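The values are calculated or read from the model by the stated rules, or taken from the named source; none is laboratory data. Values in this document were obtained by computation on a predicted structure and should not be read as measured data. Glycine gets a Cβ as well: all are built from the backbone with ideal geometry, and neighbour counts include every protein chain shown. Accessible surface is based on the protein model in full, side chains and every heavy atom, while ligands, DNA and RNA are left aside. Shrake-Rupley method; radii C 1.70, N 1.55, O 1.52, S 1.80 Å.
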Amino acid sequence: MERERFTPGSGRLDPRAALCSDAPALDLNGTWRFRLSPTAGVSPAFAEPGYDDSAWHDLPVPSHWPLHGHGAPAYTNVSYPFPLDPPRVPDDNPTGDYRRGFDLPHDWSGGRLRFEGVDSCAKVWLNGHELGFSTGSRLPVEFDAGPYLVPGRNVLAVRVHQWSAASYLEDQDMWWLPGIFRDVTLTRSAADVFVHASWTGGRGTLSFDGSGRLSVPELGVADLPAGTEITLDVEPWTAETPRLYDAVVTLPDESVRLRVGFRTVSIEDGVLLANGRPLLLKGVNRHEFHPEHGRAVPYETMREDVLLMKRHNVNAVRTSHYPPHPAFLDLCDELGLWVIDECDLETHGFGQVGWRGNPADDPRWAEACLDRMRRMVERDKNHPSVIMWSLGNEAGVGRNLAAMAAWTRQRDPSRPIHYEGDPSCADTDVYSRMYATHAEVEAIGRGAEEPLADPALDARRRAMPFLQCEYAHAMGNGPGGLAEYQELFERHPRLAGGFVWEWIDHGLAHPVLEYAYGGDYGEPLHDSNFVVDGLVLPDRTPSPGLLDLKKVFEPVRFEFTGDAVRIVNRYGFRDLSSLAFLGVVEVDGVPVSEFTLDVPATGGRVVLPGVPGVPGVPGADGSDDSGDGDGDGDGDGDGGDGERWLTVRAVLAADEPWAGAGHEVAWSQSRLSPPAPAPTPGGATGPANPVPTPAPAVAGSANPVSDVAASGPGNPVPASVAGAGGPGVGAGEVVVGGGHFDPATGRLVRLFGIEVEGPRLELWRAPIDNDRYGGLVRTWRRLGLHRLTHRVDSVETGDGLVVRTRVAPAATDLGLRVAYRWTEENDGLGLTVDLVPEGEWAEPVPRIGVVMALPASFERVTWFGRGPGEAYPDTGLATRVGRWSATVEELQTPYVYPQENGHRADVRWAELTGSGRGLRVTGDPVFGLTARRWTTADLERARHRPDLAPGGRVHVNLDLAQQGVGTASCGPGPLPWYDLRPAETTFRLRFKPV
Ligand code: GAL
């Protein structure tokens, strides 16, 4: 049986380029007849043209049958879902039989049946004659249909098995989804051309292999014969300037159209270059995925991916872990993305048996491995966007990889070869790693990596450029650490950047669960939600992680210096002339002046009209221009000094093919007044963070609070305690500044007439994927941080109310002395929380904050702080200081797997309002805010979003600090300075009614 043989196919034609030909072609996509059998041994009689398929089903082609009610999808990451016994596969082998009739036009003769992708193998019959067999799910195959085509009606039959020997070569981390999932055509095109278009020394050279004559009318090139090289004055192709020239190759029987881009990729002195200039890859890993269609991705969705990438400053894609649909590469050529085209080869599951029998090193698989490489290179060789060939992913080491590389070098010396799985880099031209820590990347950047045992290989690798083919695992909430990676990539010329893992969450649309992940289809072996780890949600809504990535990848930098800003061009291949620069000054989030900046195309220093002392800006002289009439300029009418911020934005000056005029490309903020305190040494700063530094209140934590006046521990409690008589006591309650307390427990019962619960100290958060997979949650549970006990030690009245408590988990001597000091303030209630840890707190904790519950009617939140999106100590680079408003629902980030989310950072004040009532919370200086219709415990218990049902309260977390997010679900945890370690600290809040 072919399906259990090492050979990749039979009866196939030689692979050739994907070309746009004027030769006649029949589109054979559409509705086919389909039958699913549970095993492979069903009679092949269905291939006969006269077979009665009336009892079969209709199935669209392209598609995956499990997504159309036949069988079910299954997800594993590394593990093969069958025993490792190549080339044998299980008897339980879902087998799809397909039939389709088509009518041949009158004058038709000859042709090729072309399948762009069939998972995992296809045996093809035309009018009852077997044409051949093929494997290589994400690769095209052609069969000669000519001898068996008949005038009029023809019948095509295809048998597809879910499992074949080839499945051992396709162990990528994704859903197992069989079927004819890419296009099927009958084409009379037979042409193959290989266009060589390079750009060196300011000029282009052009030639091609194949037959026929090449013309490029725009360049005056006409009838160029194969093998002749000409030099031309052309504009180069880059991802930033994707200049394409229409070309035609005229052959006796057909003409093929191509779009030629002139560009040269090279490596010099260990630096990756494009057109002679350093190339910094700001990339993402893209699987083909659609929540309803799996890897049968509609064209519009491919286009949406490219547009979304471009709009988020992404400039590169690794086609993890197989060649994409050919149209995707056309889009990359046209709209501009650098591409690493990866071969459809992964044998990761052999790693689980010590790589015994790894196909990448077994000569019996040599032909199959080489076949895959050839079919990719031949198909995609004419794309200017493809700048590297990748041998595959996680296939260990072995001679078959060497053979693939050797063939590719000879066939296409113009593109470097990538493969991450062999640390010796014996077969590659670049040094690639995945999930290396910042420290390792930094060492590699300096050329100071650990040596290889073999000195020759070591010297070779040391001379290579480095890239991270995967980093910053974007699973759930996160990834943290992006800015620090980018800083390294930009500092060291050897570092060519990298590709974030990964573009999209592979959550499959589900009628009950919203989105399904591993295990939701009853798979006996699965890897749960590890398949949901993208920068966009399954419906392609950008996650906060993508917004952060956009910030980190900005092609423009702003450096504020007094009354000027230095604007730095970080494009690799273009100047700033396509951008317009806009400025706005806001006081407490309310705009007071707007202006444009005249920025030279090369960038440089530009004087700002909006900083103090600079004439022409209202309020720059210190006058109150907020319009609220209270003289403080903060626009809220409550007195105090306003915060004056300048925001400068770079936007597209005119429409580009990937975004309209006005699209924001880059931005930055600078606080004009009052002056921000000096950053604390050792503080972590992302380029986008408005001067973040470790929170002074919590040892070692890096909550970015220092863009406001820090209070810190030991700040004296303001002497604004209620009148001489101290707290009032009435009706069995203690009353302080609008707060009613239970005298026995010190519990706040009502606040300005609102029924409340809390505030009460908590250390827990609903674990994020990085907490869970990285193992921190185990530590936290062992410590009992999710089940703190609260003991009231004393309730003291005097100047206000002091409630002294001890907060501690059972079964340990660790604890926290927590004193809540309530004082009356001018028009409200002040709360100071003093925290003194007891015992050895050796581990970071999830968060430190207080929890309150308000009536469900408090549905809207308006705040002044960072927004509009969520932010954690090492994320939220995309957030900016301003005045924001959202409903409680809108504050939630709908991660497919429920987890901590939605934290708004550096909140100066927030108003929670609804049904004509409101509560204002003010920080001193700031706090972190989350508001949800469920508790942290509910959030933690939920496995899918529909598990989260709104309850009768709005649960509000007012946080002093959060633990960093990191990327420990696959890769390093938070950088040490984002660890949250309890220390003696004071946390102040003020409440007032609104
Ligand atoms: C890498 C692998 C990816 C994916 C990722 C984790 O090892 O190449 O395919 O599995 O880890 O999400």
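Let a ≥ b ≥ c be the square roots of the eigenvalues of the Cα gyration tensor of the chain; is it rounded (a/c under 1.5), or, if not, prolate (a/b larger than b/c) or oblate?
Numbers: a/c = 2.27, a/b = 1.71, b/c = 1.33.
Since a/c reaches 1.5 and a/b is larger than b/c, the shape of the chain is classed as prolate.
Rounded, prolate or oblate: which fits the stretch 788-938 when a ≥ b ≥ c are the square roots of the eigenvalues of the alpha-carbon gyration tensor, with rounded for a/c under 1.5 and prolate only if a/b beats b/c? Let's see the in-between values first.
Working: a/c = 1.84, a/b = 1.28, b/c = 1.44.
In terms of gyration-tensor shape, oblate.
Give me the net charge of I387's neighbourhood, meaning all other residues with Cβ under 14 Å from the Cβ of I387; Lys, Arg count +1, Asp, Glu -1. Walk me through the numbers on the way to the answer.
Values: positive: R263, R277, K282, R318, K381, R415; negative: E240, D333, D341, E342, D380, D412, D429.
Counting the neighbours of I387, the net charge comes to -1.
Excluding R917 itself, calculate the net charge of residues whose Cβ lies under 13 Å from the Cβ of R917, where each Lys or Arg counts +1 and each Asp or Glu counts -1.
Numbers: positive: R750, R860, R920, K992; negative: E755, E859, E911.
Around R917, the charge tally is +1.
Place the peptides 181-192, 401-412 in order of packing, highest mean first, counting for every residue the other Cβ atoms within 10 Å and averaging per peptide.
Numbers: 181-192: 21.2, 401-412: 17.8.
The peptides rank, most packed first, as 181-192, 401-412.
Among 761-772, 198-209, 889-900, 904-915, what's the highest-first ranking by average C-beta atoms within 10 angstrom per residue? Working shown, then result.
Working: 761-772: 23.8, 198-209: 17.2, 889-900: 20.7, 904-915: 22.3.
Descending mean neighbour count gives 761-772, 904-915, 889-900, 198-209.
At what distance in angstrom do the alpha carbon centres of the stretch 437-491 and the stretch 894-938 lie from each other?
About 37 Å separates the Cα centre of the stretch 437-491 from the one of the stretch 894-938.
Which length gain, in nm to one decimal place, applies between D223 and D91 when the Cα-Cα distance is subtracted from 0.36 nm times their residue separation? Could you put the intermediate results ahead of the total?
Numbers: separation 132, 0.36 × 132 = 47.52 nm, distance 5.65 nm.
Extending this stretch completely gives an extra 41.9 nm.
For Y80, Y515, what's the largest-to-smallest order of accessible area, 1.4 Å probe? Before the final figure, lay out each step's value.
Working: Y80 10, Y515 40 Å².
Ranked from most to least accessible, the order is Y515, Y80.
Please list, in order, the residues from the stretch 98-121 whose amide nitrogen is less than 18 Å from a point placed 7 Å along the Cα→Cβ vector of D27.
Flagged as within label range: 100-105, 113-117.
Probe radius 1.4 Å, ligands and nucleic acids left out: which of Y299, Y51, Y322 has the largest accessible area, and how do the rest follow?
Details: Y299 105, Y51 70, Y322 5 Å².
Order by accessible area, largest first: Y299, Y51, Y322.
Would you please give the FRET efficiency between V607 and D641, computed as 1/(1 + (r/R0)^6) with r the Cβ-Cβ distance and R0 = 30 Å, to the nearest 0.05? Walk me through the numbers before you get to the answer.
On the way: r = 26 Å, r/R0 = 0.86.
Calculated transfer efficiency: 0.70.
Quick one: angle between helix 366-380 and the longest Cα principal axis of the chain, in degrees between 0 and 90, rounded to 10, please.
Between helix and principal axis, roughly 80 degrees.
Using protein chains only and a probe of 1.4 angstrom, how many square angstrom of V441 are accessible, to the nearest 10?
0
Cβ neighbours within 10 Å, averaged per peptide: list 645-653, 595-603, 370-378 in order, most packed at the top.
Numbers: 645-653: 20.6, 595-603: 14.2, 370-378: 23.6.
Those peptides, ordered most packed to least, come out 370-378, 645-653, 595-603.
In whole Å, how far is the Cα centre of the stretch 289-352 from that of the stretch 143-198?
Measuring centre to centre over Cα atoms gives 19 Å.
Ordering R941, R806, R295 by how much accessible area each has at a 1.4 Å probe, largest first, what is the list? If you can, show how the numbers build up before the last one.
Values: R941 155, R806 45, R295 10 Å².
Descending order: R941, R806, R295.
Leaving out ligands and nucleic acids, and using a 1.4 Å probe, what accessible area per residue does the chain come to in Å²? Don't skip to the end; give the middle numbers.
Working: 34450 Å² over 994 residues.
Spelled out: the 1.4 Å probe surface of the chain, per residue, equals 35 Å².
Give me the angle, in degrees from 0 to 90, between the Cα long axis of helix 482-491 and the longest principal axis of the Cα atoms of the chain, rounded to the nearest 10.
70
Where does helix 299-311 land angle-wise versus the long Cα axis of the chain, in degrees 0 to 90, nearest 10?
Long axis of 299-311 versus the principal axis of the chain: about 50 degrees.
May I ask for the Rg/Rh ratio of the stretch 132-285, computed from Cα atoms with Rh as the Kirkwood radius, given to two decimals?
Working: Rg = 20.9 Å, Rh = 19.6 Å.
Ratio of gyration radius to Kirkwood radius: 1.07.
What whole-number distance in Å separates the alpha-carbon centres of the stretch 849-887 and the stretch 749-771?
15
Principal axes first, then extents: for the Cα atoms of the stretch 277-551, list largest minus smallest coordinate on each axis, whole Å, largest first.
Largest to smallest, the principal-axis extents are 57, 45, 37 Å.
So, with a 1.4 angstrom probe, what is the percent of accessible area on the chain that is carbon and sulfur? Write down the numbers at each step before the final one.
Numbers: 17650 of 34450 Å².
Roughly 51 percent of what the probe reaches on the chain is carbon or sulfur.
Considering only lysines 8 or more places apart in sequence, or on different chains, count the pairs in the chain whose C-alpha atoms sit under 26 Å apart.
Counting lysine pairs in the chain gives 7.
For the modelled label position 7 Å from the Cα of E48 along Cα-to-Cβ, which residues of the stretch 146-179 have backbone nitrogen atoms closer than 20 Å?
Those under the cut-off are 148-150, 153-160.
Counting Lys +1, Arg +1, Asp -1, Glu -1, what net charge surrounds A564 among other residues with beta carbon under 13 Å of its beta carbon? Don't skip to the answer; put the middle values down first.
Values: positive: R566, R605; negative: E559, D563, D598.
Net charge around A564: -1.
Cα gyration tensor of the stretch 194-250, axes a ≥ b ≥ c as square roots of the eigenvalues: rounded (a/c below 1.5), prolate (a/b > b/c) or oblate? Please report the intermediate quantities before stating the final value.
Values: a/c = 1.87, a/b = 1.65, b/c = 1.14.
Note, shape of the stretch 194-250 comes out prolate.
In nanometres, what is the gap between the two model label sites at A453 and H510, each 7 Å from Cα along Cα-to-Cβ?
Going from the A453 label point to the H510 one covers 4.5 nm.
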